[in-house]
Structures are given as C-alpha cells and as structure tokens.
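Chemist: I'd like to ask you about the structure that follows.
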Amino acid sequence: MPIRILPPEVASRIAAGEVVERPASVVKELLENAIDAGARDIQIEVEEGGLRLIRVSDDGCGIPAGEVELAFARHATSKLSDVEDLNRIVTLGFRGEALASIAAVSRVEMSTRSADEEVGTQLSLEAGEIVRRRPVGRPPGTSITVENLFFNVPARRKFLRSPLTEAGHIQEIVTYYAMAYPARRISLTHNGRPIFRSPGTGNLLDVLLEIHGPETAGALLPIQTTAEEPSPVMVSGYVSPPALHRADRRYMVFFVNGRWVRDKALAYAVLQAYHTLLPANRFPITVVQIHLDPAEVDVNVHPTKTEVRFRAAGEVFRAVQRQVRAALVQQAPAAPQFHVPGWGERPSPSAEIVARQQMLMSAGRSAVEHALRLIPPAEEPAPESAGTPPSRLPILRVVGQVRQMYIIAEGPDGLYLIDQHAAHERVLYEQMLSQATAGVPLSQALLEPQVVPVDLRQQDVIRTYDEELRWAGFELEPFGEGAFLLRAVPAVLAGRQDPRTALYEVLEELERGETPLARRKDAAVMAAVCKRGAVKAGQTLSHEEMTELVRRLEATSSPQTCPHGRPTMIHLSAEALARQFLRS
Ligand SMILES: Nc1ncnc2c1ncn2[C@@H]1O[C@H](COP(=O)(O)OP(=O)(O)OP(=O)(O)O)[C@@H](O)[C@H]1O
Ligand SMILES: [Mg+2]
C-alpha cells in the first residue's frame, strides 16, 4: 500500500498524545517500522543514551522515492486505509504519527531505497522542516538517523535521566522486540560497543539465552497451547519455575499479536497462576506471547501503543493462566528443602581471603573508617506506636513461633512479638559492622568464580556502588562485554543463597533505592546484603535457633529497627495486656 494521508474521520479516531517521551520511545518506533517493513536484519546504533544519536538501519522494503516526504507528514501511513482497518490492526504502526513526531523534536536523516528502484533517496529534516533531498546509492532498505533529540525542547531534555539510564531503557525495549520476533536479527550498540544481538534463528529460547545467560534460560519452562486444545486465544512462551524469581515486575513481559504491551491485568493473571508458589513481593520471569484474531483486540487505546483492550478479556486471562499453571504443575521440580544454618556459624577466613581483603581495603577507604561511619546514628527513628519497645532489650524467653514469621517472647515487662526476618537483618548488620571494625574480612571467596551476565542498568549500579560493593565483600571483575566475574561474596551470604542470585537481588534493591534510612551508599549496600542473608518469613525455626536469634538481637545497639528502618518487634506491656483483659 502506498503512503497516504489518512482522511480526517480516521485520523480523528486515533488515540492522540505524546508519542516521543524519551530516547527509548524513538528506538521503539523506528524498530517497529523496520519490523513492519519486513526487515530480517535490524541494526540499532545509539550514542550517549540516544540523546546524541540513534540510528536504525534495516533491510526491509524501503520507501519509494515519490513517498519519502510523505512519510514525515502527520497521519501519513501505508498501513491503514479506512476506518474499518482500525478495527483489525495487523501491523505495529497504524497512526502515521511516529516519524512526524520524531522529526519535530530532532534532526533526522533518512536514507532509503525500495527493492524495485535503482537509486535511493536521502532526506534531511530539522525540527520537522525538510532541509535537503538528494539521490543516494545504497542497498534496498532504510536507515534513519536521529540526532540531538529534544534539541528544541529544553524542558523535555531536562527530565531525562543519565545517558546510561536512558541506554538501559533502550536496551530493555530492544530485548523485548527481539523476544517478540526471534526470526529477526536485531543488534544494539552503545557508543560503538556491542550491547546485544539476537541470533535470528526463529527460536525464542535462543533470544532468552542471549538476554539471561544459559543458566536462567535453561531453567525456564515452556508454555504452549497445544493442537488438542484449539482455542481462539493461542498462548506460548516461557515462564520461570517457582524457585527462580526477581524483585521486579520488569521481567514479566507480554506480547499481543507481536506487540509488546504493558498490562496489569495480564500480569495479575500470571501472578495468580503462581499463587502461593512465590515468596512475598517476588516476581517470576515470564515471556508470554498471545495470538488472537486482531478484531478481538483494540490497540488504538494509548498514543504509545503499549496498551490494549481485549474484547473478551476474561477468556484471554484464563487462557494465559491455564498455560502458566499447567507448566508450573507439570514441569517444576519439587521445591528444595531450605536449610537454616546455625545462627552462630561464622566462616573462618582463610589466609587468602584475609590477604585479598587487605588488598581491597588498601585500594579503597579502610574498613574501619567505613564501619565507624556506619554505626547506627543515635537519631535513628523508632516507629511511633504505643507498642514501641525500650531501646535496650531485657532478657527474653522464647515462647514460640507464629505463622513461620514471628517469634513470641516473654520479658519481665510483657510480651514481645519479633519479626524473625527483620530481627536477623539487624543482627547481621551489626555483625558486619563489628567485624569490619575489628578488621575481620567481610568477604568470602567462592570455590569457583562465577560469570554474571549484567545488563546496562545493572552495570550502572555496579559502577555507582563499586567501592561499597567491594567493601561489603563482593569481588567483581569485568569479564568481557556485559558480564562480570564474581569471585567472592559477603561472608554473611555464604552458603545461604546462590551467589549470583544474591548479587542480582542486591543490585535490584540498590537500583530501586529501597533503603530510606541509608543516607549513604555504603549503608544501602550493607542493608541490602543483610536482607539477602537474613532468614526469611516462612521458615520454620527451631527453639534453639529462635533463642540464639533473640540473644543476638539483645546484644545489638538498635534492636528495635531493622537496617531498612522497619520495626523488628512489637511490645505488649503487662499493663497493656491487663487493660485489654479489663483486669485493672
Ligand atoms: N523502516 C521503514 N521501512 C519502510 N517504510 C517505512 C519505514 N519507516 C517508515 N516507513 C513508512 O513511513 C510511514 C510512516 O511511518 P510512521 O512510523 O510515521 O507511521 P506508521 O508506522 O504508519 O504508524 P505509527 O505512527 O503508528 O508508527 C509508514 O506507514 C511506512 O509506510
Ligand atoms: Mg511507525
């Protein structure tokens, strides 16, 4: 179909609004255009998080010389012709809006050639105005370069994050589309360095392997509507087994007819399928592809085209949920038995670790200096409530455990309900502090170093917290593009959790800045580490373990709050109990 301007009655029915919010939106639109053009090979080059330059080159159908200008007009598209088409959209683009919106806020150069033309065309625009047109020799396909994004919209530029963060958003979008279109070869470079490349084999698992590494990708469970269960809603993809989870919903991705969408209801449907299988506030890794009749889904809902409305939403959610649940029930191995190491266990540092720790310490600030700055400040706010316990704990007698979450203890002045996880976090935090002060290494070497693939956001966090992560005991070495070699972990984590998972989780927490009390980076890292090292809610503790935990909590300097500032306990005084029972 040639490009033409949509008649006003069609144009007016298209969800209007801001199309280009940030560099990643530009990449998304250009990538969608390349996919719609049937490209097999799509190269994306980005400089300075896309603010300096974004170039998307494809080997798709190209644009005939006579239509090149038109492509930049508003509501000009080759993908729709009448109002009816809006009800069954089969292409990623349909508004004829993207190129016009991008050109309006940047300098654009397009060079394109359709397969049946001898010569290509190059068109340059500035702030939406055409400034030059000339013929070029080039292979069939299209290449669009977007420079100095938002150069004429300073207000928008001001709201952007650092180039690395913007590059992280771009990487995310690129990996989404690589998952949705495994048969296309899609590559991304940032400042000339290769960041991502999908192999274009047509196999989604090959793409997941590039994104998550062999271990995670290998653990994922396939989901697939089979031929025996014919359904108007076809579901396929991969989901993580219950033991594999993340602190972030970012790894739950959904595609509807090849379009990446954000959909809370779909995410909810999947989480329900995992019901009771995941720890609280943890999310699975899922890639769910949904295919259904285009007439059954409205994509003309939001200007960024990332939201959809299903005509029979319930049916879609049920189909997704059924497949996910089936995969989990049939294929997931039994949950591993959790081992709670004795509370008193302390790994004894080998000479090698001590030497390494000393080397690390001499490289950065000394551990003692760190530790002293980290001693919990006296003004650490205690939670305001009638049940606030005294800042020093009396000797407590453990009575029992409730809901595998709280320890009940009795003191001379009443009853204490102790959150086992928060309490252990506090204990570990002060243990790390005192070890650092005493010069005991915080780090424990791994028997075998592990390769840890990291995306740009994770690299950003590692860079930002480099010194603090080392200090807390993580030893990381750059290992080629997009990976680190993990040689050692904080000793409080040793033996408690897969070291790589622990590192990922710490990075996630740091990225989300979850530690309001940690005004300093080192405190944030330590709190995140202690959270990983602490016993979880849901673990049954023996009487001895509870007693040991309470003893150690009594010995801390701020027993009433965890390092994240949440209360570790609730105190019910003898008088309060008497009042409740109308005894006084
Ligand atoms: N990489 C490309 N290869 C071939 N044709 C392209 C390419 N990019 C854009 N076009 C042509 O230019 C037209 C306008 O592109 P634009 O992205 O502005 O609108 P759209 O894709 O039709 O709709 P939307 O605004 O929803 O993306 C397209 O309809 C298509 O015909
Ligand atoms: Mg488009």
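The values are calculated or read from the model by the stated rules, or taken from the named source; none is laboratory data. A quick note: this is a predicted structure, and the numbers were derived from the prediction, not measured. We place every Cβ from the backbone using ideal geometry, glycine too, and count neighbours over all the protein chains shown. To get the accessible areas, we keep the full protein, side chains included, count just its heavy atoms, and leave off ligands, DNA and RNA. Shrake-Rupley method; radii C 1.70, N 1.55, O 1.52, S 1.80 Å.
Chemist: Karplus couplings for segment 26-43 from phi (6.51 cos²θ - 1.76 cosθ + 1.60, θ = phi - 60°), rounded to Hz, Gly and Pro as x?
Modeler: 5, 4, 4, 5, 5, 5, 4, 4, 5, 5, 4, 7, x, 4, 9, 10, 10, 10
Chemist: Determine the gain in length on full extension of the stretch Glu9-Asp466; use 0.36 nm per residue of separation and subtract their C-alpha separation, reporting nm with one decimal.
Modeler: Value of the extension gain: 158.9 nm.
Chemist: Once you have a ≥ b ≥ c as the square roots of the Cα gyration tensor eigenvalues for segment 18-112, tell me rounded if a/c is under 1.5, and otherwise prolate or oblate according to whether a/b is larger than b/c.
Modeler: Prolate shape, in that a/c is at least 1.5 and a/b is the bigger ratio.
Chemist: What does the C-alpha gyration tensor say about the overall shape of segment 4-201? Classify as rounded when a/c is under 1.5, otherwise prolate if a/b is larger than b/c, or oblate.
Modeler: Rounded.
Chemist: A follow-up question, please. Nearest 5 percent is fine: what portion of the DSSP beta bridges confined to segment 4-201 is antiparallel?
Modeler: Percentage antiparallel, nearest 5: 85.
Chemist: Could you give the angle, 0 to 90 degrees to the nearest 10, between helix 204-219's Cα long axis and the longest principal axis of the Cα atoms of the chain?
Modeler: That works out to roughly 10 degrees.
Chemist: Could you sort out which of Lys158/Lys531; Lys264/Lys521; Lys28/Lys264; Lys28/Lys521; Lys158/Lys521 sit more than 27 Å apart by Cα distance in this structure?
Modeler: Long pairs (Cα-Cα over 27 Å): Lys158/Lys531; Lys264/Lys521; Lys28/Lys521.
Chemist: Could you please put Cys61, Cys530 in sequence from largest to smallest accessible area, using a 1.4 Å probe?
Modeler: Cys61, Cys530
Chemist: Using a 1.4 Å probe, what is the accessible area per residue for the chain, in Å²?
Modeler: Counting only protein heavy atoms, the per-residue value for the chain is 45 Å².
Chemist: How far apart, in nm, are two points set 7 Å out from the Cα along the Cα-to-Cβ line at Arg161 and at Gln539?
Modeler: 3.1 nm
Chemist: From the protein chains alone at 1.4 Å, what is the descending order of accessible area for Ser187, Ser542, largest first?
Modeler: Ser542, Ser187
Chemist: Give me the percent of accessible area attributable to carbon and sulfur for the chain, probe 1.4 angstrom.
Modeler: Here carbon and sulfur together make up 54 percent of the probe-accessible area.
Chemist: For a Förster distance of 41 Å, can you work out the FRET efficiency between the beta-carbons of Ala555 and Thr304, rounded to the nearest 0.05?
Modeler: That pair, Ala555 with Thr304, gives E of 0.15.
Chemist: Can you classify segment 486-584 as rounded, prolate or oblate using the Cα gyration tensor, where a ≥ b ≥ c are the square roots of its eigenvalues, rounded means a/c under 1.5, and otherwise it's prolate if a/b beats b/c and oblate if not?
Modeler: Because a/c hits 1.5 or more and a/b exceeds b/c, segment 486-584 counts as prolate.
Chemist: Report the dimensions of the chain along its three principal axes from the alpha-carbon atoms, largest first, rounded to Å.
Modeler: Largest to smallest, the principal-axis extents are 88, 55, 43 Å.
Chemist: Hey, another quick one. Set the Förster distance to 56 Å, then compute FRET efficiency between Gln580 and Asp293 from the Cβ-Cβ distance, nearest 0.05.
Modeler: 0.35
Chemist: Could you give the distance between the Cα centres of segment 1-59 and segment 133-177, to the whole Å?
Modeler: Cα centroid to Cα centroid, the span is 10 Å.
Chemist: When only the heavy atoms of the protein chains count and the probe is 1.4 Å, how do Lys531, Lys264 rank by accessible area, highest first?
Modeler: Heavy-atom accessible area, descending, gives Lys264, Lys531.
Chemist: Find, among the GluC sites (Glu not before Pro) in segment 430-473, those assigned to loop by DSSP (not H, G, I, E, B) with at most 14 other beta-carbon atoms within 10 angstrom.
Modeler: Answer by residue number: there is no such site.
Chemist: If you don't mind, another one. Given N residues in segment 209-279, what is Rg(Cα) / (2.2 N^0.38 Å)?
Modeler: In units of the 2.2 N^0.38 Å rule of thumb, it is 1.18.
Chemist: Moving on to the next point. Which order, highest average first, do 24-34, 205-215, 189-199 follow once you tally other Cβ atoms within 10 Å for each residue and take the mean per peptide?
Modeler: For the peptides 24-34, 205-215, 189-199, the packing ranking is 24-34, 205-215, 189-199.
Chemist: Moving on. By how many degrees, between 0 and 90 and to the nearest 10, does the Cα long axis of helix 163-180 differ from the longest principal axis of the chain?
Modeler: 70 degrees
Chemist: Continuing with the same structure: Cα centroid distance between segment 278-335 and segment 98-115, in Å?
Modeler: Measuring centre to centre over Cα atoms gives 34 Å.
Chemist: Same structure, new question: With viscosity set to 1.002 mPa s at 20 °C, what whole-number translational diffusion coefficient in µm²/s follows for segment 220-331 from Stokes-Einstein and a Kirkwood radius over Cα pairs?
Modeler: D = 152 µm²/s.
Chemist: So which GluC sites (Glu not before Pro) in segment 485-584 are both in a DSSP loop and have at most 15 other Cβ atoms within 10 Å of their Cβ?
Modeler: Loop-located and lightly packed - Glu514.
Chemist: Still on this structure, please answer the following. Angle check, please: helix 313-331 long axis (alpha carbons) against the longest principal axis of the chain (alpha carbons), in degrees 0 to 90, nearest 10.
Modeler: Roughly 60 degrees, rounded to the nearest 10.
Chemist: With a Förster radius of 51 Å, plug the Cβ-Cβ distance of Thr437 and Arg132 into 1/(1 + (r/R0)^6) and report the FRET value to the nearest 0.05.
Modeler: That pair, Thr437 with Arg132, gives E of 0.15.
Chemist: Mind grabbing the base-10 log of I(q)/I(0) for segment 59-115 at q = 0.18, 0.27, 0.29 Å⁻¹? Debye formula, identical points on the C-alpha positions, no solvent, two decimal places.
Modeler: -0.69, -1.19, -1.24
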